[in-house]
Structures are given as C-alpha cells and as structure tokens.
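First comes the structure, then the notes that go with it.
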Amino acid sequence: MKIYGVNLSPYTRKVLLALNYKQLDYQLVETMPGTRTPEYLKISPLGKVPALVDGGLFLADSSVICQYLEDEYPDRPLLPVATEQKANSRWFERYADTAVAEATTGVFWEIAAKPMLTKQPTDMDRVAMLKNEKFPQVADYLESQVPVEGFFFGQFGLADISLATHFLAASYVDHGVDSSRWPHLAAYLKLLFDHPVVSKQMAIDKSVIAKLM
C-alpha cells in the first residue's frame with residue numbers, strides 16, 4: 001500500500017494516524033499538495049493529497065481513504081458499532097476537516113507553511129481573525145462535546161484522529177487551548193496527544209519542521 005502526501009499535510013497525517021492505529025504496512029511517497037504531473041493526476045485527478053494506491057485501487061481524499069481502510073481492514077476499528085454513534089463520528093470528522101481546520105491548520109499555514117512554500121509573508125490580520133474569532137467559536141463548541149473522560153464513543157477512533165491532526169498543526173506554532181477557558185477541551189487534547197500513535201506522529205512532524213527551519 002502506498003500513501004502519497006507529506007507528513008505536515010493535516011489530511012495526509014489523518015490517514016497516517018489511521019494506518020498506524022490499524023497497524024497496517026504502507027509506504028509514504030512524499031508528494032506535495034498541488035502536484036499535477038500526468039502520473040500523479042492518474043492517481044489523484046484533483047492533484048490533492050493524500051492519495052492511496054492499494055493493489056489496483058486508486059483513491060484520493062482523506063475521508064474516502066479512511067472509510068476504505070475501515071471497510072477493507074476491519075481489525076482495530078476506527079468507527080463505533082452503533083449506527084447513531086457512527087453517524088456522530090462522521091460528523092466530528094467533517095467538522096474537524098472544515099471549521100476546526102480553518103481555525104487551527106489555517107494558523108499553521110499562515111505562520112509556518114506559507115512563508116516556506118510560497119515565499120509570501122504571513123498575513124497577520126488573518127492570523128488575528130482566526131485566533132480571535134474562528135478559534136473561540138470552535139473551542140466553545142468542542143468544550144461542550146468532548147468526553148469528560150477518555151475518547152469519543154469510549155475508544156480511540158476516527159473522530160479523535162480527525163481532531164488530533166488539526167490541533168497538532170496548531171500546536172506547532174504555539175496556538176494552543178487556554179485551559180482556564182476551555183478546561184474539558186484542554187484535558188481531552190492532552191489525552192489525545194499522549195496517545196502512542198499521536199505522540200509518535202508528533203515526533204516525526206517536529207523532526208520534519210526542524211529540518212525545514
């Protein structure tokens with residue numbers, strides 16, 4: 001199995017976390033977002049990462065890939081069994097990849113990735129807007145939703161992974177959660193970051209960032 005993408009892409013990281021949790025073997029083929037070579041477009045027609053090749057199967061989009069992994073490799077499941085919980089897990093994945101991504105990975109992009117990849121300066125007005133407007137909205141909602149103890153639905157899974165990948169990005173630019181304002185979210189994220197699969201990925205990411213700086 002091959003995964004095309006890079007560790008610092010939050011959506012590639014989501015798939016890597018899922019693969020590592022399921023203890024599946026794979027090869028990461030480093031591919032930058034926006035790659036549009038004829039060869040890569042056969043795998044990912046939109047030129048986005050991540051993409052997966054498993055035998056003769058080509059897939060793009062992190063959510064589609066994670067669903068495939070869950071269906072094809074059901075050991076160490078990412079989704080709960082109950083229909084209602086499964087639907088809620090998919091909602092949190094969607095929320096993470098949209099609202100949470102903007103408020104967290106959006107800051108990482110402006111402060112770290114954008115200057116490195118595009119040679120354009122950080123838009124500090126946008127950073128301020130994301131931190132002061134978007135992020136509190138997301139944190140307020142998640143404060144009311146995260147479990148008081150443990151992971152979503154009682155077991156580490158896709159909802160947790162989907163949130164982890166974006167909050168990890170924020171943590172790399174010191175964009176964290178104020179525990180006095182959002183104590184439940186802060187405690188949940190500490191538990192999440194301490195999970196062996198997440199902490200291993202965090203170490204890899206930090207090594208990549210150190211080499212780029």
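Along the charge dipole of the chain, Cβ charges K/R +1 and D/E -1, which of LEU212, LEU130, LEU192 sits furthest on the positive end?
It is LEU212.
Just grab the label-to-label distance for LYS131 and ARG76, each label 7 Å out from Cα along the Cβ direction, in nm (one decimal).
Label at LYS131, label at ARG76, 3.7 nm between them.
Starting from the Cα coordinates of region 1-112, work out the convex hull volume and express it per residue in Å³.
In region 1-112, the Cα convex hull volume per residue is 106 Å³.
What's the local net charge at LYS14, with K and R +1, D and E -1, over the other residues with C-beta under 11 Å away?
Result for the neighbourhood of LYS14: -3.
Across every pair of different alpha-carbon atoms, what Kirkwood hydrodynamic radius in Å does the chain reach?
Numbers: mean 1/r = 0.0566 Å⁻¹.
Roughly 17.7 Å, rounded to one decimal.
Excluding residues fewer than 8 places away in the same chain, name every one of the lysines whose C-alpha is closer than 30 Å to that of LYS22.
LYS2, LYS14, LYS42, LYS48, LYS86, LYS190, LYS200, LYS206, LYS211
Can you give me the distance in nm between label points at THR118 and ALA87, each placed 7 Å from the Cα along the Cα-to-Cβ direction?
If labels sit at THR118 and ALA87, their model points lie 3.9 nm apart.
R0 = 25 Å: FRET efficiency of LEU41 with SER63, Cβ-based, nearest 0.05?
Rounded to the nearest 0.05, the efficiency is 0.80.
PRE reach from GLU30 (point 7 Å along Cα→Cβ): which of region 184-213 fall under 20 Å by backbone N?
Flagged as within label range: 200-213.
Could you tell me what fraction of 2.2 N^0.38 Å the Cα radius of gyration of region 1-56 comes to, as a two-decimal ratio?
Rounded to two decimals, the normalised Rg is 1.06.
Could you list the residues of region 1-35 with an amide nitrogen less than 11 Å from a label point located 7 Å from the Cα of LYS211 in the Cα-to-C-beta direction?
The answer is 7, 30, whose backbone nitrogens lie closer than 11 Å to the label point.
Here, each number is a calculation from the coordinates, and none is a lab measurement. This structure is a prediction, so every number in the text was calculated from the model and none was measured. Here the Cβ is made from the backbone with ideal geometry for all residues, glycine too, and neighbour counts use every protein chain on show.
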